[in-house]
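So the structure is just underneath, and the comments pick up after that.
Just so it is clear, none of the values below were taken in a lab; they were calculated from the coordinates. Everything numeric in this text was worked out from a predicted model, so none of it was measured. Methodologically, a virtual Cβ is constructed for each residue, glycine included, from the backbone with ideal geometry; neighbour enumeration extends over all protein chains shown.
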Amino acid sequence: MQRLSALIASSEIAPYAKTGGLGEVAGSLPGALAAIGVRTSLVMPAYRSVLDGGFPVSRTGARFAVPISGRQEEGTILETTTPDGLNLRLVRADRYFGREGLYGTPDGDYPDNAERFVFFCRAILEAMRHDPPQISTSMTGKPPWQLRSSSASPGCIRSSLR
């Protein structure tokens, strides 16, 4: 029997980035899944607070570009290991995530938040190229039937959905 795999892709994962319940759940669920035998990987943005927070982060050498509003936006994939021993991939694109706050400043939300997280959703697919998980729908991305036909979807996803 094939071991079940899960990818937790979230804009917040404690202890790296957390503003409330999302970060808490995304930080604790992966360890609970791993404890019952689910092969679990994580992906989140490489916020400035993560990079400056003293976490041991390494470069993977993976670079990518994704289409955003008629142009190509570049990013890289970093990685670290969570306190539970799980692989956390960090999507680095300083234009989008190298900012003071996760979603805004005390004066309000960043005006380009929609674009920032469209970039993140597309970058998730790039991060999965190296370690494709089992796929189910989530609030962070397209349902699998959309991924299968998407030109932005890596081949490993299209072939695993047949």
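So who's got an amide H within less than 5 Å of the one on residue 8, skipping anything under 5 residues away but keeping other chains? H placed 1.01 Å off N, in plane.
Distant-sequence amide H within range of residue 8: 41, 42, 43.
Can you run phi through the Karplus equation (6.51, -1.76, 1.60; θ = phi - 60°) for the stretch 8-17 and list ³J(HN,Hα) in whole Hz, with x for Gly and Pro?
Whole-Hz 3J(HN,Hα) from phi for the stretch 8-17: 9, 10, 8, 6, 9, 9, 6, x, 7, 8.
So how strong a dipole does the stretch 5-145 carry about its Cα centre when Lys and Arg Cβ are +1 and Asp and Glu Cβ are -1, to the nearest 20 debye? Provide the component values of the computation, followed by the final result.
Numbers: 14 positive and 15 negative charges, 85 e Å.
The dipole magnitude comes to about 400 debye.
Residue 71 to residue 58: extension gain in nm, 0.36 nm per residue of separation minus the Cα-Cα distance? Kindly include the intermediate steps, with their values, before the conclusion.
On the way: separation 13, 0.36 × 13 = 4.68 nm, distance 2.79 nm.
The span from residue 71 to residue 58 would gain 1.9 nm if fully extended.
How do 107, 52 line up, fewest other C-beta atoms within 10 Å first? Present the calculation step by step, with values, prior to reporting the outcome.
Values: 107 5, 52 9.
Arranged by neighbour count, lowest to highest, 107, 52 become 107, 52.
5 Å is the cut-off here: which amide hydrogens, built 1.01 Å from N in the peptide plane, fall below it relative to residue 62, excluding neighbours closer than 5 in sequence?
For residue 62, whose amide H was placed from the backbone, the distant partners under 5 Å are 77.
Determine ³J(HN,Hα), in whole Hz, for all residues of the stretch 23-35 in sequence, where each value follows from phi through the Karplus function 6.51 cos²θ - 1.76 cosθ + 1.60 and θ = phi - 60°; x replaces Gly and Pro.
Karplus-based 3J(HN,Hα) across the stretch 23-35 equals x, 5, 5, 5, x, 9, 4, x, x, 5, 5, 4, 5 Hz.
List, in order, the whole-Hz ³J(HN,Hα) value for each residue of the stretch 76-93 obtained from phi through the Karplus relation with A = 6.51, B = -1.76, C = 1.60 and θ = phi - 60°; use x for Gly and Pro.
9, 10, 9, 8, 8, 10, 6, x, 7, x, 9, 7, 10, 8, 10, 8, 9, 8
Rank the residues 12, 73 as a footprinting-exposure proxy: fewest other Cβ atoms within 10 Å of their Cβ go first.
Values: 12 21, 73 18.
So the ranking, lowest neighbour count to highest, is 73, 12.
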